[in-house]
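Working notes, structure below.
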Amino acid sequence: MKKNAIRHRVYVKLTAVWGNDDADSTIMVSRRRWQAIRAGAEYVTSARSWYEGGSYPVAWLFTDGKVSVYGGGGMECVIDQPVGELIEQIVTTR
């Protein structure tokens, strides 16, 4: 009897930090999307940020090889940071 193959998916987990490195937000994108973002593609997504135990909504905007992260009320968390400065981790899921 043949077993079903378990298909693993590989993502890139990206983390931006700001302030005194006490606030952060993390998203996961596919390897293909990450490659396009690094090449300058535009991409927008929403996520949560964390600061002193609280969670807040943020929007990530990638354009021209840079990333900006905006919070509610026009808060500018990260502005035009080169994507190479993000914390990058490869994650495998089932």
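If you go through region 47-72 and keep only what is of a type in the set (Gly, Ala, Ser), in contact (Cβ under 8 Å) with a residue 24 or more places away in the chain and closer than 11 Å to ALA23 by Cβ, you end up with just SER49. Within region 74-93, residues that are under 14 Å from ALA23 (Cβ atoms) and touching a residue at least 24 places away in the same chain (Cβ under 8 Å) reach partners that are surrounded by 12 or more Cβ atoms within 10 Å (Cβ to Cβ) and among the β-branched types (Val, Ile, Thr) with beta carbons closer than 6 Å, at six or more positions or on different chains, in the pairs CYS77/VAL69; VAL78/VAL69; GLN81/VAL67; ILE87/THR15.
Applying the condition of being among the small types (Gly, Ala, Ser) and either assigned to a loop (DSSP other than H, G, I, E, B) or at positive phi (or both) to region 1-34 and asking which residue is modelled with the lowest pLDDT yields ALA5.
Filtering region 16-47 to residues that are of a type in the set (Ser, Thr, Tyr) and under 22 Å from ARG94 (Cβ atoms) leaves THR26, SER30. May I ask you to say which residue of GLY71, GLY53 is more than 11 Å from the chain's Cα centre (by Cα), farther than 26 Å from HIS8 by Cα and exposed (fewer than 12 other Cβ atoms within 10 Å of the Cβ)? The match here is GLY53.
Can you say whether ILE37 is hydrophobic (A, V, I, L, M, F, W, C), part of a helix (DSSP H, G or I) and modelled with pLDDT of 95 or more, as far as the supplied structure shows? Here the answer is yes, as ILE37 does meet what is asked. Across region 40-89, the qualifying residues are those that are modelled with pLDDT of 95 or more and in a helix (DSSP H, G or I), and the one among them that is farthest from SER30 (Cα to Cα) is GLU85. Within region 5-19, does at least one residue satisfy the condition of being within 19 Å of ILE87 (Cβ to Cβ), touching a strand residue (DSSP E or B) at 6+ places or on another chain (Cβ under 7 Å) and without any contact (Cβ under 8 Å) to a residue 60 or more places away in the chain? No, there is no match, as no residue in region 5-19 is within 19 Å of ILE87 (Cβ to Cβ), touching a strand residue (DSSP E or B) at 6+ places or on another chain (Cβ under 7 Å) and without any contact (Cβ under 8 Å) to a residue 60 or more places away in the chain.
The values are calculated or read from the model by the stated rules, or taken from the named source; none is laboratory data. Quantities reported herein were computed from a predicted structural model and do not represent experimental measurements. Every residue, glycine among them, receives a Cβ derived from its backbone with ideal geometry; neighbour counts consider all protein chains shown.
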